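Contents: one structure, followed by commentary.
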Ligand code: KDG
């Protein structure tokens with residue numbers, strides 16, 4: 001028990017100390033309508049996540065620039081519900097803000113499925129260009145409906161496979177492996193196509209399902225693997241970088257309509273700054289945490305470019321399956337960004 005406690009505190013202590021410091025708040029105090037507002041902001045990841053660090057910065061900006069007329073109450077680890085429960089709570093007006101992954105929301109916003117296509121974003125910089133560019137900004141406008149107001153993007157990140165059974169260096173090693181996926185049809189298609197046995201499940205249930213062997217494996221970014229302590233129940237990992245997942249920052253339309261325009265703009269500015277900072281934290285921490293997981297005994301397989309190419313080839317049919325449903329034009333526009341960058 002003492003050893004387990006020691007490893008727990010040392011893990012989170014290490015992660016916490018290495019987190020880039022919260023930047024200072026820039027920009028003047030924003031004049032409101034004299035009323036005070038309390039915003040509840042809930043996320044699914046833990047306090048040790050880059051996402052929660054971003055949330056702390058959002059809180060600092062909004063409270064300081066509203067001269068404390070807006071208070072932001074932050075909740076983590078799905079305290080007020082998982083991604084889909086939080087989105088429903090925003091629509092019902094019982095929660096003010098959340099930042100889910102786009103993947104579980106594909107049934108509500110089909111165009112988000114483009115983010116679930118494998119190997120679509122060769123670099124995080126290209127993901128930034130797409131999300132901060134016309135495509136991403138139009139998606140925020142399109143997602144500002146159904147009781148929601150979408151005001152920004154941040155980073156969940158590149159996903160890595162972990163499992164409890166054996167090292168995975170090729171799709172053949174996935175034969176029959178029970179892999180948990182997000183509640184998303186493309187992720188199910190990806191792992192089925194690779195020969196695994198995928199199961200959709202809420203993130204909030206994942207650790208217990210891994211611990212009890214309900215599933216053999218899962219896939220998430222290194223920082224989530226560590227901050228959610230999956231490495232304690234998953235000895236093997238493979239650096240697949242198979243999908244880049246963004247988070248989308250959402251406000252309840254009911255909350256939004258109560259705010260004066262000056263405070264609406266303040267939330268938009270703060271969401272942009274939170275997203276930029278959170279991406280920075282996620283990228284600074286990524287390699288460091290992979291090393292910490294190795295040091296802690298995780299057996300991490302780094303695939304050669306040839307081995308990655310085998311996964312890419314085997315997953316080409318996923319593009320054929322989903323091109324028409326997602327829209328070939330959107331996929332081609334995003335791919336074009338990669339080409340522009342590679343010139
Ligand atoms: O709220 C947490 C989820 O947004 C996020 O972690 C989703 O990557 C995810 C997963 O695997 O469910």
Please give the helix 50-65 orientation as an angle from the longest Cα principal axis of the chain, in degrees from 0 to 90, rounded to the nearest 10. 10
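Assuming R0 = 35 Å, can you tell me the calculated FRET efficiency for the pair residue 254 and residue 170, based on Cβ-Cβ distance, to the nearest 0.05?
Values: r = 50 Å, r/R0 = 1.43.
Rounded to the nearest 0.05, the efficiency is 0.10.
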Exposure-ranked with fewest Cβ neighbours within 10 Å first, 182, 201 stand as 201, 182
Which ordering of 141, 59 is given by a fewest-first count of other beta-carbon atoms within 10 Å? 141, 59
Compute the long axis of helix 2-18 from its Cα atoms, compare it with the longest principal axis of the Cα atoms of the chain, and write down the angle in degrees, 0 to 90, nearest 10. 60
Which residues in the range 170-196 place their backbone N less than 12 Å from a point set 7 Å from the Cα of residue 325 along the Cα-to-Cβ direction? 184-190
Comparing 44, 93, 34, which has the greatest mean-square fluctuation in the GNM of the chain with Cα pairs linked when under 10 Å apart? 34
GNM top mover of 310, 114, 318 - the chain, alpha-carbon springs below 10 Å: 310
Difference of contour (0.36 nm per residue) and Cα-Cα distance, residue 132 to residue 307: 59.8 nm
The range 37-340 - percent relative contact order, Cα under 8 Å, separation 6 or more: 27
Ranked by Cβ crowding within 10 angstrom, fewest neighbours first, how are 170, 66 ordered? 170, 66
Per the 1/(1 + (r/R0)^6) rule, R0 = 30 Å and r from the Cβ atoms of residue 67 and residue 284, FRET efficiency to 0.05 is 0.45
Share antiparallel - DSSP beta bridges, the chain, percent rounded to 5: 55
GNM top mover of 183, 273, 313 - the chain, alpha-carbon springs below 10 Å: 313
Any idea how far the Cα center of the range 62-109 sits from the one of the range 115-151, in Å? 18
Considering all projection directions equally, how large on average is the shadow of the alpha-carbon convex hull of the chain, in square nanometres? 17.3
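Taken together, the values in this text are just the output of simple stated rules run on the coordinates, not laboratory data. Remember, it's a predicted structure, so these values are computed and weren't measured experimentally. Positions of Cβ are generated from backbone atoms using ideal geometry, with glycine treated the same way; all protein chains shown enter the neighbour counts.
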